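Below: the structure, in structure tokens.
Just so you know, all these numbers are worked out from the coordinates, no wet-lab data involved. What you are looking at is a predicted structure, and each value in this text was computed from that prediction instead of being measured. Positions of Cβ are generated from backbone atoms using ideal geometry, with glycine treated the same way; all protein chains shown enter the neighbour counts.
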Amino acid sequence: MHSRQTFLANMNHELRTPLTVLQGYLEMLEGDYATPALQQKAIEAMKEQSQRMANLLQQLGVLAKIEHSTNADHQRLNMSSLISAMQKNTDMLTDSQQVIFDVEPDIYVIGDEGQLQSAVSNLIYNAIRHAGEETTIEIRWEKVEQGAKFSVSDNGIGIEPQHLAHLTERFYRVDESRSNKTGGSGLGLAIVKHALEQHQTRLEISSEVGKGSQFSFIIPRELVD
Ligand code: ADP
């Protein structure tokens, strides 16, 4: 299928679920059998679904902006601080998981701060949302021979091999039925891929079902100091 057509078909699919939920509750509120308790439930559900649609549009906006960006405004930035600063957010987001940061200090990168922040945070939040409870998530940033390497490793549910090549496609999810629970847009890894491409960097994914996953990238030496 033509990519524009695929995109429209996907958007249609993504918007249908929240819209159906909204319509259902609106109809219920219209009838006069809705008790105050039901009304309250309806409002909560409608808020959640409209938030979902707003997130989708926000993520699409981020993706479009990255795709159309150039490296004209890339700057030297302290990537180590950027990664370490994520720690206080992750501490708040999870208590059943252990999140470990192992960050080599003062590794600078030439790049776009917003895009690198998106890449790093999407990979970390994905591990938190998808790896499962009682897992350990390890975030590393270190100098390597080819440049500087960032990785997020978890010992969670893992991903079957046939999905790996598709994960960075827009809207691709391994398990559609879990996506309501995890609440993602399915755009996270597409954003990561495009943000990294703007830095001559490729996302590497390795995973084994039941053992865990690793998402990593190496910023090339020319952009690191
Ligand atoms: P989503 O909004 O669903 O998180 P992403 O593009 O960020 O979309 O990720 C695509 C899919 O990859 C997710 O729906 C999930 O199935 C899978 N995934 C991503 N990270 C992990 C992980 N650390 N462990 C297991 N599955 C993952």
Exactly one of these conditions fails for L116: (1) crowded, with 22+ Cβ neighbours inside 10 Å; (2) more than 10 Å from the ligand (Cβ to nearest atom); (3) farther than 21 Å from L63 by Cα; (4) not charged (D, E, K, R). Give me its number.
(3)
Which listed residue, of T94, T168, T70, is among the hydroxyl-bearing types (S, T, Y) and more than 29 Å from P18 (Cβ to Cβ)
T70
Counting residues that are among the aromatic types (F, W, Y), which helices (runs of 4 or more DSSP H) fully inside region 1-102 reach at least 1?
3-30
Looking only at region 183-225, filter to residues that are among the charged types (D, E, K, R) and either more than 26 Å from M53 (Cα to Cα) or assigned to a loop (DSSP other than H, G, I, E, B) (or both); which one of those is farthest from the ligand (Cβ to nearest atom)?
D225
Of all residues being touching a helix residue (DSSP H, G or I) at 6+ places or on another chain (Cβ under 6 Å) and of a type outside the set (S, T, Y) in region 147-176, which is farthest from the ligand (Cβ to nearest atom)? Just the residue, please.
G147
Picked from region 139-179 (must be under 13 Å from S213 (Cα atoms), of a type outside the set (V, I, T) and in a loop (DSSP other than H, G, I, E, B)), the residue nearest to the chain's Cα centre (by Cα) is L167
Output the residues belonging to region 20-34 that are exposed (fewer than 15 other Cβ atoms within 10 Å of the Cβ) and closer than 18 Å to G186 by Cβ.
T20
Give all pairs with beta carbons closer than 6 Å in which a residue from region 85-99 that is aliphatic (A, V, I, L, M) meets a residue that is not in a helix (DSSP H, G or I); count only pairs at least 6 apart in sequence or on separate chains.
V99/I137
So D154, is it under 20 Å from I83 (Cβ atoms) and in contact with a Gly (Cβ under 6 Å, 6 or more places away or on another chain):
yes
Return a yes/no flag: does region 122-135 have any residue that is outside any loop (DSSP other than H, G, I, E, B) and over 14 Å from the mean Cα position of the chain (by Cα).
no
Quick check on my filter: what residues within region 130-155 are in contact with a Lys or Arg (Cβ under 9 Å, 6 or more places away or on another chain), at negative phi and not hydrophobic (A, V, I, L, M, F, W, C)?
H130, R140, E142, K143, E145, Q146, K149, S151, S153, N155
Run T136 past the list (1) more than 9 Å from the ligand (Cβ to nearest atom); (2) farther than 25 Å from Q51 by Cβ; (3) free of Cβ contacts under 8 Å to residues at least 12 places away in the same chain and report the number of the one that doesn't hold.
(3)
Please identify the pairs in which a residue from region 35-58 that is surrounded by 14 or more Cβ atoms within 10 Å (Cβ to Cβ) has its Cβ atom under 8 Å from the Cβ atom of a residue that is part of a helix (DSSP H, G or I) and of a type in the set (F, W, Y), counting only partners at least 6 apart or on another chain.
A42/Y25; A45/Y25; M46/Y25
